[in-house]
Amino acid sequence: MSGWNLDNSYARLPRAFYKEMDLSPVAEPKLVKFNEKLAEELGLPTDGIDAGWFTGNVSPKGSQPLAQAYAGHQFGYFNMLGDGRALLLGEQLTPDGKRVDIQLKGSGRTPYSRSGDGRAALGPMLREYLISEAMHGLGIPTTRSLAVAATGEITLRERPLPGAILTRVADSHIRVGTFAYASEWATEKELKALADYTMERHFGDIPNKGDYLAFLHKIAERQGKLIAQWQLVGFVHGVMNTDNMAIAGETIDYGPCAFMDSYDPDSVYSSIDREGRYAYKNQPVIGAWNLARLTETMLPFISLEAANEVIRHYWRALNAEWLEGMGRKLGIFKLIPEDESLFDDLLALMKELSADYTNTFVAFTFEEEIVGLKNWRKRWQNRLEGQPQSWEESQALMKKNNPQVIPRNHKVEEALMLAEHGDMGAFDKLLEAVQNPYESGAKEFMEPAEPGVCYKTYCGT
Ligand code: AMP
Ligand code: MG
């Protein structure tokens, strides 16, 4: 029988990196969502599961719960943070040989909770489940969601809300902020232990142990690619603090994130991001800034010049991925230098027209008319005709790279509101659609919101 197969390698790191914890049981565990497909991949049973595993009421076999220590630059300011409402249960060793973190989010107070209650509300946990699964469907590296379990307790926010816990699955929860913590509060020996551990866990293909430059280059490459992929689908993370940047290169921490409707590089959704630090257009440069915070922590082991080269490597990876990705979205197989201005001109026009980001590319794919883009379209068609491939081949490439269904903000809100009142129907329908984004979904999921609706998202919910 398949089941828990937990190891606890993180707990074998120096004690500075975590606090051992007891589980805090909740009043009445009840599964609201369970990701059967993911459970199977993890080697977990899909029936006979215990809701208590996902709330801290029942300890999964082999688990050794701990809260991880980390710091973070939040909106540019350095803070000590740590898991204030999460517990790492252990690392599941999967049937196909992977090692992934199993973490409860919303599991109660820890020594790192500061003024927080350590808990989470049902709506935001379902939101993370939905958006992370949408990202996975899009083919973008992300933490996954195994379960959302209601606690049977009330969580007090602006109003009393039903409490819930998300079970998050990640390559690991080691972040830029983990290194920042080590650099600030641990010894150099402990920092080295963290670097060696992370390198072995995520970048086992680096031939020389202790080659921290190769390590940073690999991280830069994954991060550059990841952020380019966000840009290509119009995803705004919303809170790119260094504690929310995973070393393994997965998208992590779905708080105030959103997909943009009409194309606007200034798009910001987070209610607290008043200056637009984490606006869509700033994501690449913030990625570089965060990476610079990471390379700084490694200066005991590398030169400043080498550190700067890491950042340049990030930009190369990001730009290459973005250009190639735009090419694929437009049916172009092999880039030429002029393509960059072709793409830039399209985006400038889309901005002027307030064109829906997702639907514009869908319209190109299915040869639908778009008002205001006639001249640009001619240029693009000439470009395609200059390729050896047929239109059908271009179209097939475009279908694979232009999602038709994204979790549109108004649909997400509608689904969450109903879910909070016990009706999971709309949520399940939307989830199914966003898990298969390259197929055409129901028309209701493909239409943008009514114009003029201003959408806001919230942190720390
Ligand atoms: P986030 O904005 O979700 O990345 O969280 C930033 C920091 O605040 C992390 O250290 C979290 O663990 C902590 N935090 C967020 N919400 C809570 C809460 N309700 N109780 C305790 N800590 C929290
Ligand atoms: Mg966070």
*asked:* Report, in listed order, any pair from 98/225; 225/374; 351/456; 105/329; 105/192 with a Cα-Cα distance greater than 24 Å.
replied: 225/374; 105/329; 105/192
*When all C-alpha to C-alpha distances in the range 246-360 are sorted into bins of 10 Å, what percent of pairs does each bin hold, rounded to whole numbers?*
11, 32, 36, 18, 3, 0
*Which values of log₁₀ I(q)/I(0), to two decimal places, follow from the Debye formula for the range 241-291 at q = 0.20, 0.21, 0.30 Å⁻¹ with a uniform point scatterer at every Cα?*
-0.76, -0.83, -1.38
*Calculate the tail of P(r) for the range 133-227: the fraction of all Cα-Cα distances greater than 21 Å, expressed in %.*
53
*Would you list the P(r) distribution for the range 74-198, with all Cα-Cα distances sorted into 10 Å bins from 0 and each bin expressed as a whole %?*
12, 34, 37, 16, 2
*Across every pair of different alpha-carbon atoms, what Kirkwood hydrodynamic radius in Å does the range 1-97 reach?*
15.1
*asked:* Give me log10 I(q)/I(0) at q = 0.20, 0.30 Å⁻¹ for the range 137-192, Debye formula, one equal scatterer per alpha-carbon, no solvent.
replied: -0.84, -1.11
*Spherically averaged projected area of the range 306-461 from its Cα convex hull (nm²)*: 12.8
*Roughly to the nearest percent, how much of the accessible area of the chain is carbon and sulfur, given a 1.4 Å probe?*
50
_Ellipticity estimate at 222 nm from DSSP helix runs (n ≥ 4, -39,500 (n - 2.57)) divided over the chain, nearest 500_ = -13000 deg cm²/dmol
*In angstroms, what radius of gyration and Dmax does the range 14-65 have, counting Cα atoms only?*
13.3, 38
*Given Cα pairs under 8 Å that are at least 6 residues apart, what percent is the relative contact order of the chain?*
15
*Using Cα-only point scatterers and the Debye equation, what is log10 of I(q)/I(0) for the range 202-302 at each q in 0.11, 0.13, 0.20 Å⁻¹, rounded to two decimals?*
-0.36, -0.49, -0.97
*asked:* I'm a student and want to see the number: the projected area of the Cα convex hull of the chain, averaged over all directions, in nm².
replied: 22.3
*In straight Cα distance, which aspartates and glutamates are under 14 Å from residue 334, not counting same-chain residues fewer than 8 positions off?*
321, 324, 385, 393
_In Å, descending, principal axis extents of the Cα set of the range 347-393_ = 33, 17, 15
*Please identify the helices of the chain, taking whole runs of DSSP H, that span at least 20 Å along their own axis as judged from the Cα atoms and have a mean Kyte-Doolittle score of -0.5 or higher.*
122-138, 212-233, 283-297, 339-353
_Directionally averaged shadow of the range 400-444, computed from the convex hull of its alpha-carbon atoms, nm²_ = 2.9
*Determine the shape class of the range 217-265: with a ≥ b ≥ c the square roots of the Cα gyration tensor eigenvalues, call it rounded for a/c under 1.5, and otherwise prolate if a/b is greater than b/c, oblate otherwise.*
oblate
*asked:* Sort 99, 277 by heavy-atom solvent-accessible area, probe 1.4 angstrom, most to least.
replied: 99, 277
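The values are calculated or read from the model by the stated rules, or taken from the named source; none is laboratory data. Remember, it's a predicted structure, so these values are computed and weren't measured experimentally. Side chains included, ligands, DNA and RNA excluded: accessible areas come from the protein's heavy atoms. Shrake-Rupley method; radii C 1.70, N 1.55, O 1.52, S 1.80 Å.
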